[in-house]
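Beneath this line is the structure, given in structure tokens, with notes to follow.
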Amino acid sequence: VQLVESGGGVVQAGGSLRLSCASPRRTFSNNAVGWFRQAPGKEREFVATISWRGGNTRYAESVSGRFTISRDNVRNMVYLQMTNLKAEDTAVYYCAAARSSFGSSSPSDYAYWGQGTQVTVSS
């Protein structure tokens, strides 16, 4: 499963961005998909995950209430809507497909990763 992220960019604090994750060569409709991020000098951290049908979602406390993960299995896409962005949200954001239908916050549960998209929030 090859994943491709898009939608990153530079935005002012308080602004919004929507990230997209596509799997152009193979469906990931049976896999949970997660978003992770990594800021310079920091470890990769969990952001959000969504189950294979979208019925279960989970968020990191730092983004809960501001970010929304969703998926469209017909289009084979997963999205991360980010609102009220803060400077501390600046990072490279990665989407990842889990080995199973329900994801977790652990990167080790995810077998397939994209190359990442940069999000920069200016204060």
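Does Leu85 satisfy the condition of being open to solvent by less than 30 Å² (accessible area, probe 1.4 Å), under 14 Å from the mean Cα position of the chain (by Cα) and among the aliphatic types (A, V, I, L, M)? For Leu85, the condition - open to solvent by less than 30 Å² (accessible area, probe 1.4 Å), under 14 Å from the mean Cα position of the chain (by Cα) and among the aliphatic types (A, V, I, L, M) - is not met.
Here is a yes/no grid of residues against (1) in contact with a helix residue (DSSP H, G or I) (Cβ under 7 Å, 6 or more places away or on another chain); (2) under 27 Å from Ala13 (Cβ atoms); (3) of a type in the set (Gly, Ala, Ser):
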| site | (1), (2), (3) |
| --- | --- |
| Val47 | no, yes, no |
| Asn56 | no, no, no |
| Glu61 | no, yes, no |
| Gln81 | no, yes, no |
| Ala91 | no, yes, yes |
| Ser100 | no, no, yes |
| Asp109 | no, no, no |
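Pairs meeting the criteria (first residue in the range 1-18 and in contact (Cβ under 8 Å) with a residue 60 or more places away in the chain and open to solvent by 70 Å² or more (accessible area, probe 1.4 Å), second residue among the basic types (Lys, Arg) and not in a strand (DSSP E or B), beta carbons under 6 Å, at least 6 apart or on different chains) are Gln2/Arg25.
Scanning the range 51-82 for residues that are closer than 14 Å to Ser16 by Cα, open to solvent by less than 10 Å² (accessible area, probe 1.4 Å) and in a loop (DSSP other than H, G, I, E, B) gives a single hit, Val63.
The values are calculated or read from the model by the stated rules, or taken from the named source; none is laboratory data. Computed from a predicted structure; not experimentally measured. A quick note on method: Cβ atoms are made from the backbone with ideal geometry, for glycine too, and the neighbour counts reach across all protein chains shown. Just the protein is used for accessible areas: all its heavy atoms, side chains included, with ligands, DNA and RNA removed. Shrake-Rupley method; radii C 1.70, N 1.55, O 1.52, S 1.80 Å.
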